[in-house]
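What follows is a single structure, written as structure tokens, with notes after it.
The values are calculated or read from the model by the stated rules, or taken from the named source; none is laboratory data. None of the values given here were measured: they were computed from a predicted structure. Virtual Cβ from ideal backbone geometry, glycine too; neighbours counted across all protein chains shown. We work out accessible area using only protein heavy atoms, side chains counted, and drop any ligands, DNA or RNA first. Shrake-Rupley method; radii C 1.70, N 1.55, O 1.52, S 1.80 Å.
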Amino acid sequence: MGGPVWAAEPIDVSDKTQETAPRNYGNVRIGASTSSRRPSLCLELSPLEMLSFEGCGTGSGFLHHDPEPEIAHFRSWLKLTSWKTAIGWLQPRLGLGFAELQVGEDGSGFQFSGVGATGVETAGPEVGASLRLLFPTASGVEFVSEIGVSGAYFHYAPRLTVPQFRFQPSASLSLGVGF
């Protein structure tokens, strides 16, 4: 046992648990999506605490050249709130952006007013919602997981070489690390 505590000696009674959600400036995740048979890779950057920008896809055109159908997503996310739970911080988010639908080998650029020169790609608006979990670790690094749903509208999808429906819903689950 220790000796007596004098009034001049401060006693540390602070709670060491984090009381505010960690500020996630960026993260990299990998996961699965209903919009492709290949793994989905996501890179997210957040210039403001409540706003982030994200790109998700299979890396078609630079990681591989398979003519596999896929939808690549390019969205901005608005964080609605943060809830502290026993396993980390839950953050519901709303997304808005665009997506690119391809049914063959990806070409360069985005085709919003038609299909690409080879008829295998088109782009259109997308909305989504997600639930992100941040699990803080040491030194400002977080484990990040996210489950999300989205819907994209591709006006020219029926004109692709493999005709598709104009409305394309998708769901995804991803895991990764951020800071």
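Would you check which residues across segment 125-163 are of a type in the set (S, T, N, Q) and touching a strand residue (DSSP E or B) at 6+ places or on another chain (Cβ under 6 Å) and list them? Let's see the steps before the verdict.
So the first thing to find is which residues in segment 125-163 are of a type in the set (S, T, N, Q), and the list is 130, 137, 139, 145, 150, 161.
Of everything in segment 125-163, those that are of a type in the set (S, T, N, Q) and touching a strand residue (DSSP E or B) at 6+ places or on another chain (Cβ under 6 Å) turn out to be Ser130, Ser145, Ser150.
Among the candidates Gly97, Gly114, Gly104, single out the residue that is within 26 Å of Tyr156 (Cα to Cα), assigned to a strand (DSSP E or B) and open to solvent by less than 40 Å² (accessible area, probe 1.4 Å). Working first, answer last.
Details: Gly114 fails: assigned to a strand (DSSP E or B); Gly104 fails: assigned to a strand (DSSP E or B).
Selected residue: Gly97, the only one of Gly97, Gly114, Gly104 that is within 26 Å of Tyr156 (Cα to Cα), assigned to a strand (DSSP E or B) and open to solvent by less than 40 Å² (accessible area, probe 1.4 Å).
Residue-wise test of (1) in contact with a helix residue (DSSP H, G or I) (Cβ under 9 Å, 6 or more places away or on another chain); (2) charged (D, E, K, R); (3) open to solvent by 30 Å² or more (accessible area, probe 1.4 Å).
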{"position": "Arg75", "(1), (2), (3)": "no, yes, no"}
{"position": "Thr85", "(1), (2), (3)": "no, no, yes"}
{"position": "Pro125", "(1), (2), (3)": "no, no, yes"}
{"position": "Leu134", "(1), (2), (3)": "no, no, no"}
{"position": "Gly140", "(1), (2), (3)": "no, no, yes"}
{"position": "Phe154", "(1), (2), (3)": "no, no, no"}
{"position": "Pro158", "(1), (2), (3)": "no, no, yes"}
{"position": "Thr161", "(1), (2), (3)": "no, no, yes"}
{"position": "Gln164", "(1), (2), (3)": "yes, no, yes"}
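May I ask you to list the residues in segment 53-104 that are in contact (Cβ under 8 Å) with a residue 40 or more places away in the chain, of a type in the set (S, T, N, Q) and touching a Phe, Trp or Tyr at 6+ places or on another chain (Cβ under 7 Å)?
Ser82
Determine whether Glu68 is open to solvent by 20 Å² or more (accessible area, probe 1.4 Å) and among the acidic types (Asp, Glu). Don't jump to the end; show me each part of the working.
On the way: open to solvent by 20 Å² or more (accessible area, probe 1.4 Å): yes; among the acidic types (Asp, Glu): yes.
The answer is yes for Glu68.
Mind listing whichever residues of segment 63-96 are under 21 Å from Ser36 (Cβ atoms) and of a type in the set (D, E, K, R)?
Those that are under 21 Å from Ser36 (Cβ atoms) and of a type in the set (D, E, K, R): Asp66, Glu68, Glu70, Arg75.
Quick check: is even one residue across segment 94-105 at pLDDT below 95, within 22 Å of Ser130 (Cβ to Cβ) and not aliphatic (A, V, I, L, M)?
No, that holds for no residue.
Test Ser145 against the criterion of being under 19 Å from Gly57 (Cβ atoms) and hydroxyl-bearing (Ser, Thr, Tyr), and give yes or no. Before the answer, list the steps.
Details: under 19 Å from Gly57 (Cβ atoms): yes; hydroxyl-bearing (Ser, Thr, Tyr): yes.
Considered against the rule, which asks whether it is under 19 Å from Gly57 (Cβ atoms) and hydroxyl-bearing (Ser, Thr, Tyr), Ser145 comes out as yes.
Looking at segment 67-89 only, could you name the residues that are assigned to a strand (DSSP E or B) and over 21 Å from Val127 (Cβ atoms)?
Residues satisfying the conditions are Trp83, Lys84, Thr85, Gly88, Trp89.
Any idea how many residues of segment 166-179 are open to solvent by 80 Å² or more (accessible area, probe 1.4 Å), under 28 Å from Phe112 (Cβ atoms) and either among the hydrophobic types (A, V, I, L, M, F, W, C) or touching a Lys or Arg at 6+ places or on another chain (Cβ under 8 Å) (or both)?
Qualifying residue count, segment 166-179: 1.
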